[in-house]
Amino acid sequence: MIKITDKILHFSISFLIAPTIFLYCYLFNLSILWCFLLSNVGAIGIGIVKEIIDSRFDWKDIVADVIGVIVSDIVIEIIFEIR
């Protein structure tokens, strides 16, 4: 059985937030570059704000957020066939 840790939650939430923001930007006809920029900054920013709200700041949670965003970017590039 997989133990769900805080790092897995950070990864998962960032993995879901980044493409959601990307799709909203894409629907508003923003360029692909702006869609990636806003979605990445938004997802990582939400993770940082969550860490600031926590009583203890853990940089490993931010790393998990960044990895989640990178993986979601790869998935978006595959789906949209971006090269």
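The values are calculated or read from the model by the stated rules, or taken from the named source; none is laboratory data. Predicted, not measured: the structure shown is a model, and the values here were computed from it. Cβ: placed from backbone, ideal geometry, glycine included. Neighbour counts: every protein chain shown.
Can you name the number of the only condition in (1) in a helix (DSSP H, G or I); (2) more than 19 Å from ILE82 (Cα to Cα) that SER55 fails?
The failed condition is (1).
Pairs, please: C-beta under 7 Å, at least 6 apart or cross-chain, first residue in a helix (DSSP H, G or I) and in the range 60-80, second basic (Lys, Arg)?
Here the result reads LYS60/LYS7; ASP61/LYS7; ALA64/LYS7, each pair linking the range 60-80 to a residue that is basic (Lys, Arg).
Within the bounds of the range 18-35, is there any residue that is touching a Lys or Arg at 6+ places or on another chain (Cβ under 6 Å) and in a helix (DSSP H, G or I)?
Within the range 18-35 (the criterion being touching a Lys or Arg at 6+ places or on another chain (Cβ under 6 Å) and in a helix (DSSP H, G or I)), the answer is no, since none of the residues qualifies.
Within the range 40-80, take every residue that is among the polar types (S, T, N, Q) and touching a helix residue (DSSP H, G or I) at 6+ places or on another chain (Cβ under 8 Å) and give me the one that is surrounded by the most Cβ atoms within 10 Å (Cβ to Cβ).
Here the answer is SER72.
Take the residues in the range 52-76 that are modelled with pLDDT of 90 or more and of a type in the set (Asp, Glu), then tell me which one is nearest to LEU37 (Cα to Cα).
Of everything passing the filter in the range 52-76, ASP73 is nearest to LEU37 (Cα to Cα).
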